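In what follows, a single structure is set out as structure tokens and then discussed.
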Amino acid sequence: MPRAIWKGGISFGLVYIPVKLYSGVSSNDIDLTLLRRSDHCPIKYMRVCQEDGKEVEWKDIVKGHKVENYYVTIEDDDFQKIRREKSDSIIINEFVKAEEINPRYFEKPYLLEPEKGAGKTYNLLRQAIFDSGMAGLSKFVLRNREHLALLMADEKILYLTQMRFHEELNQPDDLKIPDAEPTKAEQDLAMQLIKGMSSTFNPEKYKDTYQDTLREIIQAKIEHKEIKAPEEKHVESAVEDLMEQLKRSLELAS
């Protein structure tokens, strides 16, 4: 487990539970470096002025927001003015049912570990949240940014899912969704197909095959072997006969 990225506590009414926050994910991606093709020299990114092509040092760089044909610059002291007071608490505002929240709001998972001596109160809250089937809608500050989060529990741990604020989500109002209605027979076949493909969620069943295949290619190149590209599967580009497509899908699922 990597080191904690945040230390603080969970504020639950008048109860304060000291905890450590850990990232809930790790990257499985293979590191790839950009190289010059002729001699495999690594490529370095440079901060270059778009006007004169000269490299710019970090000390000479400032952030700005473009307004019409000019920029309004934002200095460090400006960020201090808008920066919220640093908080060391995950403050639970209310309890809600997680299943009532659209998954589009979920962004990033974190794991929570109790500090020494806080195990009893940690497990009390974990068990209470787990037994109630509820989740704590919370706010916390990480890297000087306030975040919305959902505090949840399973049989072992408390975990926190960072959420997106409502105004961050793109709304579907402007999408052109046709109002074509399927027939009753088509709906029945679609429901049969869903039923035939239904199972219990098993996350270990699905692997990152892209990264696995990339590792195989790298190893084959090390060993001077050749890997043939897989044949492309034919995918229907349009559905001319929906009933026929559903019937064929049911046959494949059975």
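The values are calculated or read from the model by the stated rules, or taken from the named source; none is laboratory data. Bear in mind the structure is a predicted one, so any value in this text is a computation, not a measurement. We place every Cβ from the backbone using ideal geometry, glycine too, and count neighbours over all the protein chains shown.
Inspect the stretch 210-226 for any residue being among the small types (Gly, Ala, Ser) and either closer than 27 Å to Asp29 by Cα or modelled with pLDDT of 85 or more (or both) and give the result as yes or no.
yes
For the stretch 178-194, does any single residue satisfy the condition of being closer than 30 Å to Ile101 by Cα, loosely packed, with under 10 Cβ neighbours inside 10 Å and polar (S, T, N, Q)?
Checked against the condition, which is being closer than 30 Å to Ile101 by Cα, loosely packed, with under 10 Cβ neighbours inside 10 Å and polar (S, T, N, Q), the stretch 178-194 yields no hits at all.
Quick check, is Ile17 surrounded by 11 or more Cβ atoms within 10 Å (Cβ to Cβ) and either touching a residue at least 40 places away in the same chain (Cβ under 8 Å) or touching an Asp or Glu at 6+ places or on another chain (Cβ under 8 Å) (or both)? Show your work before the answer.
On the way: surrounded by 11 or more Cβ atoms within 10 Å (Cβ to Cβ): yes; either touching a residue at least 40 places away in the same chain (Cβ under 8 Å) or touching an Asp or Glu at 6+ places or on another chain (Cβ under 8 Å) (or both): yes.
Yes.
Going through the stretch 86-138 one residue at a time, which ones are of a type in the set (D, E, K, R) and either closer than 20 Å to Ile17 by Cα or crowded, with 16+ Cβ neighbours inside 10 Å (or both)? Show your work before the answer.
Of all residues in the stretch 86-138, those of a type in the set (D, E, K, R) come to 86, 88, 94, 97, 99-100, 104, 107-108, 113, 115-116, 120, 126, 131.
Within the stretch 86-138, Lys86, Asp88, Glu94, Glu113, Glu115, Lys116, Lys120, Arg126, Asp131 meet the criteria.
Scan the stretch 107-144 residue by residue and report those that are in a strand (DSSP E or B), without any contact (Cβ under 8 Å) to a residue 60 or more places away in the chain and over 16 Å from Lys97 (Cβ atoms).
Glu107, Lys139, Val141
When residues of the stretch 144-163 are filtered for being of a type outside the set (A, V, I, L, M, F, W, C) and within 19 Å of the chain's Cα centre (by Cα), how many remain? Let's see the steps before the verdict.
Here is the first cut: in the stretch 144-163, the ones of a type outside the set (A, V, I, L, M, F, W, C) are 144-147, 154-156, 159, 161-162.
Those left that are additionally within 19 Å of the chain's Cα centre (by Cα): 145-147, 159, 161-162.
Number of matching residues: 6.
Considering the stretch 93-106 alone, what residues qualify as being over 18 Å from Gly8 (Cβ atoms) and outside any helix (DSSP H, G or I)?
Glu94, Phe95, Val96, Lys97, Ile101, Asn102, Phe106
Counting only residues that are closer than 28 Å to Asp31 by Cα and either surrounded by fewer than 10 Cβ atoms within 10 Å (Cβ to Cβ) or basic (Lys, Arg) (or both), which one in the stretch 227-252 is modelled with the lowest pLDDT?
The extreme case among them is Glu232.
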